[in-house]
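Participant: The structure under discussion is supplied below as structure tokens; questions concerning it will follow.
The values are calculated or read from the model by the stated rules, or taken from the named source; none is laboratory data. What you see is a predicted model, and the numbers here were worked out from it, not measured in a lab. Neighbour counts are summed over all protein chains in view; Cβ atoms, including those assigned to glycine, are modelled from backbone coordinates with ideal geometry. The accessibility values were calculated without ligands, DNA or RNA, using every heavy atom of the protein model including side chains. Shrake-Rupley method; radii C 1.70, N 1.55, O 1.52, S 1.80 Å.
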Amino acid sequence: MISPQQFQEELQLCIQNALREDVGPGDYSSLACIPAEAIGSAKLLVKEAGIIAGVEFAQHIFNYVDPSCQLTLFIPDGTPVVPGDIVFQVTGPSQSILKAERVVLNSMQRMSAIATKTHGYVQLIAGTGAQLLDTRKTTPGFRAPEKWAVKIGGGANHRFALYDMIMLKDNHIDFAGGITAAINKTKAFLKARQLDLKIIVEARNLDEVQEILQAGGVYRILLDNFDFETTRKAVALIGNSCLTESSGNINEKTLRAYAECGVNYISSGALTHSVHNLDLSLKAI
């Protein structure tokens, strides 16, 4: 996983790029009709039930736009909310509040949607011992906040990107000349580069699971699109040799059953790629 410092740098880049995209050379609407010295306040209003996320990120955004903006927090990240709730109040230069408004709302609506979906999934597998993971199926340029939202919702983060973990999937295996070849080449690469990275290998059937186990040195085996019966057989075959992860065909109807097969992790791209933004608004007061 990436370091906390790297994660903070990613968040900063997200803010910088979002403001570059949205504000550009200036918020001319505000500059045209709002005096530079005007001070105002606004409240973050909830219009739809869910799990709120992105409050701390919003603080970063306002601080980046104008450090003089002050937030009064009423509801922290990870809290269930209902229509009518006020999450925070921001006070500061009116131009600055308006400049940050859309980036704050876009971010919090998306993050809250992800946290809400993650929370629902986590509840479905409660008591099974399986841990819910996200994937790299995130919005380009917005990965750090989306993965943050998964953690706020009670899930855990898979690898952040291509550089912080080795994950040999079907195409890597096929291009490399098979599972054993791919694993052996990976071990040699890591040793030559003096890289300490965990290795996950995808299996498409039980024969591939057996071949991965024979090759050894693997942190986790990804059971991709296995049915329930084959997943149970794979878990029994793997035993304590390494950790297990189910992926593919994961939804509200199948999630619990996969968890009950005994896997350590379940990864779902739907946490970040299939959500409906939570309805929030920023209202002047």
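Participant: Given (1) in contact with a helix residue (DSSP H, G or I) (Cβ under 8 Å, 6 or more places away or on another chain); (2) over 30 Å from residue 50 (Cβ atoms); (3) open to solvent by 60 Å² or more (accessible area, probe 1.4 Å), where does residue 209 come up short, assuming only one miss?
Facilitator: (3)
Participant: Hey, another quick one. Go over the candidates 84, 26, 78 one by one and state the one that is of a type in the set (Gly, Ala, Ser), crowded, with 16+ Cβ neighbours inside 10 Å and at pLDDT 95 or above. It would help to see each step written out before you state the result.
Facilitator: Working: 84 fails: crowded, with 16+ Cβ neighbours inside 10 Å; 26 fails: crowded, with 16+ Cβ neighbours inside 10 Å.
The conditions single out 78.
Participant: Follow-up question, since we're still on this one. Answer with yes or no whether residue 183 is closer than 30 Å to residue 15 by Cβ, among the β-branched types (Val, Ile, Thr) and touching a Gly at 6+ places or on another chain (Cβ under 8 Å). I'd like the intermediate steps shown before the answer.
Facilitator: Working: closer than 30 Å to residue 15 by Cβ: no; among the β-branched types (Val, Ile, Thr): yes; touching a Gly at 6+ places or on another chain (Cβ under 8 Å): yes.
Answer is no for this residue.
Participant: Restricting the search to the stretch 17-28, which residues are closer than 26 Å to residue 72 by Cβ and assigned to a helix (DSSP H, G or I)?
Facilitator: The initial filter retains those residues of the stretch 17-28 that are closer than 26 Å to residue 72 by Cβ, namely 18-19, 22-23, 27.
The answer is 18, 19, 22, 23.
Participant: Looking at residue 278, is it in a loop (DSSP other than H, G, I, E, B), in contact with a strand residue (DSSP E or B) (Cβ under 6 Å, 6 or more places away or on another chain) and closer than 30 Å to residue 82 by Cα?
Facilitator: yes
Participant: Determine, yes or no, whether residue 51 is open to solvent by less than 60 Å² (accessible area, probe 1.4 Å), at pLDDT below 95 and closer than 24 Å to residue 273 by Cα.
Facilitator: So residue 51 does not fit the description; no.
Participant: For the stretch 39-72, what are the residues that are without any contact (Cβ under 8 Å) to a residue 24 or more places away in the chain and in a strand (DSSP E or B)?
Facilitator: Matches in the stretch 39-72: 70, 71, 72.
Participant: Could you check the stretch 221-263 and list, in sequence order, the residues that are in contact with a Ser or Thr (Cβ under 7 Å, 6 or more places away or on another chain), open to solvent by less than 20 Å² (accessible area, probe 1.4 Å) and not hydrophobic (A, V, I, L, M, F, W, C)?
Facilitator: Correct list: 231, 245, 246, 258.
Participant: Considering only residues of the stretch 111-153 that are more than 16 Å from residue 7 (Cα to Cα), in a loop (DSSP other than H, G, I, E, B) and free of Cβ contacts under 8 Å to residues at least 60 places away in the same chain, which is most open to solvent (accessible area, probe 1.4 Å)?
Facilitator: 127
Participant: Yes or no: the stretch 203-212 includes at least one residue that is within 22 Å of residue 249 (Cβ to Cβ), in a loop (DSSP other than H, G, I, E, B) and touching a residue at least 40 places away in the same chain (Cβ under 8 Å).
Facilitator: For the stretch 203-212, residues within 22 Å of residue 249 (Cβ to Cβ), in a loop (DSSP other than H, G, I, E, B) and touching a residue at least 40 places away in the same chain (Cβ under 8 Å): absent.
Participant: Oh, and also: Being at pLDDT 95 or above, aromatic (Phe, Trp, Tyr) and within 12 Å of residue 125 (Cα to Cα), is that true of even one residue in the stretch 225-232?
Facilitator: no
Participant: Look at residue 239 and say whether it is out of contact with any helix residue (DSSP H, G or I) (no Cβ under 6 Å at 6 or more places or on another chain) and either in contact (Cβ under 8 Å) with a residue 12 or more places away in the chain or within 30 Å of residue 112 (Cα to Cα) (or both).
Facilitator: It is false that residue 239 is out of contact with any helix residue (DSSP H, G or I) (no Cβ under 6 Å at 6 or more places or on another chain) and either in contact (Cβ under 8 Å) with a residue 12 or more places away in the chain or within 30 Å of residue 112 (Cα to Cα) (or both).
Participant: Give the residues of the stretch 54-75 that are in contact with a Phe, Trp or Tyr (Cβ under 8 Å, 6 or more places away or on another chain) and open to solvent by 20 Å² or more (accessible area, probe 1.4 Å), sorted by residue number.
Facilitator: Those that are in contact with a Phe, Trp or Tyr (Cβ under 8 Å, 6 or more places away or on another chain) and open to solvent by 20 Å² or more (accessible area, probe 1.4 Å): 71, 72, 73, 74, 75.
Participant: Which of the residues that make up the stretch 264-285 are within 15 Å of residue 129 (Cβ to Cβ) and either open to solvent by 20 Å² or more (accessible area, probe 1.4 Å) or free of Cβ contacts under 8 Å to residues at least 24 places away in the same chain (or both)?
Facilitator: Those that are within 15 Å of residue 129 (Cβ to Cβ) and either open to solvent by 20 Å² or more (accessible area, probe 1.4 Å) or free of Cβ contacts under 8 Å to residues at least 24 places away in the same chain (or both): 264, 265.
Participant: So residue 223 passes all but one of these: (1) within 30 Å of residue 41 (Cβ to Cβ); (2) part of a strand (DSSP E or B). Which condition number does it fail?
Facilitator: Residue 223 satisfies all of (1) within 30 Å of residue 41 (Cβ to Cβ); (2) part of a strand (DSSP E or B) except (1).
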